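Chemist: Have a look at this one before I ask anything.
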Amino acid sequence: MTPPRCLRIALPVPLPRLFDYLPPDGAPAPPDAVGRRIRVPFGPRELVGIVADTGPAAHAGDSLRAALAWIDPAPVLHGELLDSLRWLTRYLHAPLGEVLSTALPAALRRGDPLPDTHTWTWRLSEAGATALAGMRAGRPRDLAALLADGTLDEDALDDRLPGWRAAARALAGRGQAERVALPPSALAPAPAHGPEPNAAQATAIAAIGDADGFRPFLLDGVTGSGKTEVYLRAIAATLARGRQALALVPEIGLTPQTLARFRARLGVPVHALHSGLNDTERARVWAAAERGEARVIVGTRSAVFVPLPDAGLIVIDEEHDGSYKQQDGIRYHARDFALVRAKALDVPVVLGSATPSLETLHNARSGRYTALRLPQRAGTARPPTVRVLDVRKRALEAGLSPELLDGVRATLAAGGQVLVFRNRRGYAPVLLCHDCGWSAQCVRCDAPMTVHAGGRRLQCHHCGHRQPAPPACPDCAGLALQPQGVGTERLEEHLVRAFPEVPVVRIDRGSTRRRDGVEQALATLGDRPGILVGTQMLAKGHDLADLALVAVVGIDEGLFSADFRAPEKLSQLLIQVAGRAGRGVRAGQVLLQTHHPEHPLLGTLLGGGYAAFAEAELVQREAAGFPPFAHLALLRAEAQHADVPPAFLREVAAVLAAHDPEGHVARDGPLPAPMPRRAGFHRAQLLLTAAQRGALHALLDRAVPDIHALPMARRVRWSLDVDPVDLY
């Protein structure tokens, strides 16, 4: 008897297999079934899956259930994107169903239909035009005045009036404005001319434009050298050839600024894709890209999964940034997957950074990437001067030295702006009892709780647990509870008192939670003298023309970290944040405050810049057998009982040893994780190291199915991270 033909469906469950179902209603499987979404019964639940294959059932004797219904009349995943996602599944040794689910917007994962992709616009009604003159001052009147000049699409409103949506709802509720759908190309702006490129920019633009097919470029340009101008001209040339372009940026905070520049220059609608959008908006952009209507897409990490049927160019800005690595779920690296997709699509890919990752630099020096160098700042801007402040034995006010405060005062008096940089949000890192030494620890993590709200609230930055600060010490009942250390909230509080005549604007995760929060905060300061207090959110690509002084507070923690990547991360952070100063007509200055002015890393950076640091660090990495001269995979396990994760990883180590008797892959562990307990779970890890990437993946190919089959695998939450960025 011929086995029944069935659908082999990838479901979003953590199991490395496909599931067999009969087609809905007993009908035969259509020829274009692969890549279509389908709704199926799964135990007592219904799930949305993707058909990955068709054919005879894996087990002929099984009684198969029928799928419930097709969702799409045609595949949503097909061609290059589906093939690349299959590659990603093999590389990460992850379940195909979870990878395919990760690649789809949340609305499509739920089974919602592909949305319409028309452009939503707003226009003033007759009632609104009549009422405009009598409207009170405020955001609704500002919006009405904008719309009086003509219909505007929602992207343009994002650029011209941040926070306009509440005002639009108010006007619509009074019948004074209305939302209208237009075809995607109906409101394409006229392209604008940019500045004339300098010689180095022109060379880079020509090299990218001359690329025929896949070719990776490293655009290594000092901060302020005009990398964005190179991107814009390369994208414009791509559009002129009738092709699509995808640009990745590391942070949501960069997206509005990048979008505004792209929309002003390119003459086509520019689509944004990031986690600040709602599910419907993200699905619309994905669908517009799939239909070829979105010609330019700018987005954060997940935008690497958009379909590109007419691909012509991929750009990865700030390619070194750690936010391109997904740290939970499917642990992909957007930069690396973008390179894989560019090769499959046969298009050039540009990796831009002032501080390239050591992996990327190694690839450029090995000839795998073409290096393009922008050695000087664009226009008349000059590099900032850097001064190290030795604060040993100095009296500090909220962590600030007298010399640093004098520098702030002088800059403000000259009409400039100041960035006080501290990469730790909150009021203080820990709450301490001065009488007995008690400190506030998270009840769910092996970590102190951060003090917020001026000492009134405690929050764990690892698991999110919050609680009020105690009125007295829980151990000794003393009243000498004192916040120890300095965070951005405490700096803001002190600077407001010290400089009451100027605005002080804090930019960190806590102050910019709202949509376009970074853009609105920067707009609050404008171009007047004032102080920005911020974390690494401000170290990434922001162009602050009036910023004359960057004061870096508290770099010492990063100088002595056990993480082998810590020197690279700290060097990148210092170079990037220093590069915010002096990008306009004002000369820039950087003050680095430290208790370790003689540290070799600071000496190398000040003496030779990032290039000198990278050269020395690559030599040390090669001697130590660390990436990019070795290849890593990290197995993590966690459970509520402390003995379970190491016991599971010992079984994993035995499986690995059985599949690798020659010892081509080194195993370190099981060991407690650097944070042994997090969110109530005890954690352990096992690190795999191989000199050759092929040996590591060959071992994982053989061992991962056996690891899934271990009985203890059901008692732990475990994950495999190939090419880990953080070993915690």
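Chemist: Might you check whether a residue that is buried (at least 23 other Cβ atoms within 10 Å of the Cβ), in contact with a Pro (Cβ under 7 Å, 6 or more places away or on another chain), not in a helix (DSSP H, G or I) and not basic (Lys, Arg) occurs anywhere in the range 340-349?
Modeler: The answer is yes; a qualifying residue exists.
Chemist: What do you reckon, is ASP317 touching a residue at least 12 places away in the same chain (Cβ under 8 Å), among the acidic types (Asp, Glu) and more than 25 Å from HIS193 (Cβ to Cβ)? Full working, then the answer.
Modeler: Details: touching a residue at least 12 places away in the same chain (Cβ under 8 Å): yes; among the acidic types (Asp, Glu): yes; more than 25 Å from HIS193 (Cβ to Cβ): no.
Against the criterion (touching a residue at least 12 places away in the same chain (Cβ under 8 Å), among the acidic types (Asp, Glu) and more than 25 Å from HIS193 (Cβ to Cβ)), ASP317 does not qualify.
Quick grid of which residues meet (1) aromatic (Phe, Trp, Tyr); (2) surrounded by 20 or more Cβ atoms within 10 Å (Cβ to Cβ); (3) at pLDDT 95 or above:
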position: PHE217; (1), (2), (3): yes, yes, yes
position: GLY221; (1), (2), (3): no, yes, no
position: TYR231; (1), (2), (3): yes, yes, yes
position: ALA245; (1), (2), (3): no, yes, yes
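Chemist: Still on this model: Hey, any hits in the range 312-319 for a residue that's surrounded by fewer than 20 Cβ atoms within 10 Å (Cβ to Cβ) and farther than 16 Å from LYS227 by Cα?
Modeler: Within the range 312-319 (the criterion being surrounded by fewer than 20 Cβ atoms within 10 Å (Cβ to Cβ) and farther than 16 Å from LYS227 by Cα), the answer is no, since none of the residues qualifies.
Chemist: Further question: Looking at LEU696, is it crowded, with 17+ Cβ neighbours inside 10 Å, assigned to a helix (DSSP H, G or I), touching a strand residue (DSSP E or B) at 6+ places or on another chain (Cβ under 7 Å) and modelled with pLDDT of 95 or more?
Modeler: yes
Chemist: Name every residue in the range 37-66 that is at pLDDT 95 or above and of a type in the set (S, T, N, Q), in order of residue number.
Modeler: Selection gives nothing.
Chemist: Further, regarding this structure: Within the range 139-153, track down each residue that is over 34 Å from the mean Cα position of the chain (by Cα) and either among the aromatic types (Phe, Trp, Tyr) or under 11 Å from TRP164 (Cα atoms) (or both).
Modeler: Of everything in the range 139-153, those that are over 34 Å from the mean Cα position of the chain (by Cα) and either among the aromatic types (Phe, Trp, Tyr) or under 11 Å from TRP164 (Cα atoms) (or both) turn out to be ARG141, ALA144.
Chemist: Going by what's in this entry, would LEU239 be described as surrounded by fewer than 21 Cβ atoms within 10 Å (Cβ to Cβ) and more than 23 Å from THR355 (Cβ to Cβ)? Quick ask: steps written out before the conclusion?
Modeler: Working: surrounded by fewer than 21 Cβ atoms within 10 Å (Cβ to Cβ): yes; more than 23 Å from THR355 (Cβ to Cβ): yes.
So LEU239 passes the test.
Chemist: Can you tell me how many residues within the range 134-172 are within 23 Å of VAL296 (Cβ to Cβ), touching a residue at least 24 places away in the same chain (Cβ under 8 Å) and among the hydrophobic types (A, V, I, L, M, F, W, C)?
Modeler: Result for the range 134-172: 4.
Chemist: Can you tell me how many residues in the range 359-387 are of a type outside the set (Ser, Thr, Tyr) and surrounded by 22 or more Cβ atoms within 10 Å (Cβ to Cβ)?
Modeler: Of the residues in the range 359-387, 4 are of a type outside the set (Ser, Thr, Tyr) and surrounded by 22 or more Cβ atoms within 10 Å (Cβ to Cβ).
Chemist: Considering every residue within the range 598-613, establish whether at least one is closer than 13 Å to PHE421 by Cβ, surrounded by 17 or more Cβ atoms within 10 Å (Cβ to Cβ) and either touching a residue at least 60 places away in the same chain (Cβ under 8 Å) or within 27 Å of the chain's Cα centre (by Cα) (or both). Even if it seems obvious, please write down each step before you answer.
Modeler: So in the range 598-613, the residues closer than 13 Å to PHE421 by Cβ come out as none.
No - not one qualifying residue is present in the range 598-613.
Chemist: With the structure loaded, tell me whether ASP142 is within 30 Å of LEU7 (Cβ to Cβ), out of contact with any Ser or Thr (no Cβ under 9 Å at 6 or more places or on another chain) and not assigned by TED's automatic domain parsing to the domain that holds ILE330 or whether it fails that test. Outline the logic, then answer.
Modeler: Working: within 30 Å of LEU7 (Cβ to Cβ): no; out of contact with any Ser or Thr (no Cβ under 9 Å at 6 or more places or on another chain): yes; not assigned by TED's automatic domain parsing to the domain that holds ILE330: yes.
Spelling it out, it is not the case that ASP142 is within 30 Å of LEU7 (Cβ to Cβ), out of contact with any Ser or Thr (no Cβ under 9 Å at 6 or more places or on another chain) and not assigned by TED's automatic domain parsing to the domain that holds ILE330.
Chemist: Which of the following residues is within 30 Å of GLN459 (Cα to Cα) and either hydrophobic (A, V, I, L, M, F, W, C) or in a strand (DSSP E or B) (or both): ALA642, ALA616? Steps first, answer last, please.
Modeler: Numbers: ALA616 fails: within 30 Å of GLN459 (Cα to Cα).
After applying the criteria, what remains is ALA642.
Chemist: Could you list, in sequence order, all residues of the range 328-354 that are among the hydroxyl-bearing types (Ser, Thr, Tyr) and closer than 17 Å to VAL230 by Cβ?
Modeler: Result: SER353, single match.
Chemist: Further, regarding this structure: Limited to the range 464-483, what total is found for residues that are in a loop (DSSP other than H, G, I, E, B) and buried (at least 17 other Cβ atoms within 10 Å of the Cβ)?
Modeler: 2
Chemist: Still on this structure, please answer the following. Scanning for something out of contact with any Lys or Arg (no Cβ under 9 Å at 6 or more places or on another chain), surrounded by fewer than 24 Cβ atoms within 10 Å (Cβ to Cβ), part of a helix (DSSP H, G or I) and not β-branched (Val, Ile, Thr), does the range 270-282 turn up at least one residue? I'd like the intermediate steps shown before the answer.
Modeler: Kept after step one, since they are out of contact with any Lys or Arg (no Cβ under 9 Å at 6 or more places or on another chain), are these residues of the range 270-282: 272, 278, 280-282.
Filter once more, keeping what is surrounded by fewer than 24 Cβ atoms within 10 Å (Cβ to Cβ): 278, 280-281.
Those still in the list that are part of a helix (DSSP H, G or I) too: 280-281.
Filter again for not β-branched (Val, Ile, Thr), leaving 281.
There is at least one residue in the range 270-282 that is out of contact with any Lys or Arg (no Cβ under 9 Å at 6 or more places or on another chain), surrounded by fewer than 24 Cβ atoms within 10 Å (Cβ to Cβ), part of a helix (DSSP H, G or I) and not β-branched (Val, Ile, Thr).
Chemist: For the range 141-258, give me every one of the strands (runs of 3 or more DSSP E) that falls completely inside it and has 1 or more residues that are within 30 Å of ALA611 (Cβ to Cβ). Steps first, please.
Modeler: Details: elements: 177-182, 215-221, 244-248.
Qualifying strands (runs of 3 or more DSSP E): 215-221, 244-248.
Chemist: Right, here's the next one. What number of residues within the range 546-566 satisfy the criterion of being crowded, with 24+ Cβ neighbours inside 10 Å and closer than 28 Å to PHE626 by Cα?
Modeler: Here the count works out to 0.
Chemist: What is the residue count in the range 381-401 for residues that are in contact (Cβ under 8 Å) with a residue 40 or more places away in the chain, out of contact with any Gly (no Cβ under 9 Å at 6 or more places or on another chain) and either over 23 Å from GLY607 (Cβ atoms) or hydroxyl-bearing (Ser, Thr, Tyr) (or both)?
Modeler: 4
To keep it simple, each residue is scored yes or no on (1) at pLDDT below 95; (2) out of contact with any Asp or Glu (no Cβ under 8 Å at 6 or more places or on another chain); (3) of a type in the set (Phe, Trp, Tyr); (4) not in a loop (DSSP other than H, G, I, E, B).
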residue: PHE648; (1), (2), (3), (4): no, yes, yes, yes
residue: MET675; (1), (2), (3), (4): yes, no, no, yes
residue: LEU686; (1), (2), (3), (4): no, no, no, yes
residue: LEU700; (1), (2), (3), (4): no, yes, no, yes
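Chemist: If you take the residues in the range 529-545 that are of a type outside the set (A, V, I, L, M, F, W, C) and either without any contact (Cβ under 8 Å) to a residue 40 or more places away in the chain or not in a loop (DSSP other than H, G, I, E, B) (or both), which one is surrounded by the most Cβ atoms within 10 Å (Cβ to Cβ)? Steps first, please.
Modeler: Taking the range 529-545 as the starting set, the residues that turn out to be of a type outside the set (A, V, I, L, M, F, W, C) are 529-530, 534-536, 540-543.
Subsequent filtering for residues that are either without any contact (Cβ under 8 Å) to a residue 40 or more places away in the chain or not in a loop (DSSP other than H, G, I, E, B) (or both) retains 530, 534, 536.
Working: GLY530: 19, GLY534: 27, GLN536: 21.
Of everything passing the filter in the range 529-545, GLY534 is surrounded by the most Cβ atoms within 10 Å (Cβ to Cβ).
The values are calculated or read from the model by the stated rules, or taken from the named source; none is laboratory data. Treat the numbers as computed from the prediction; the structure is a model and nothing was measured. Every residue, glycine as well, gets a Cβ built from its backbone with ideal geometry; the counts of neighbours run over all protein chains shown.
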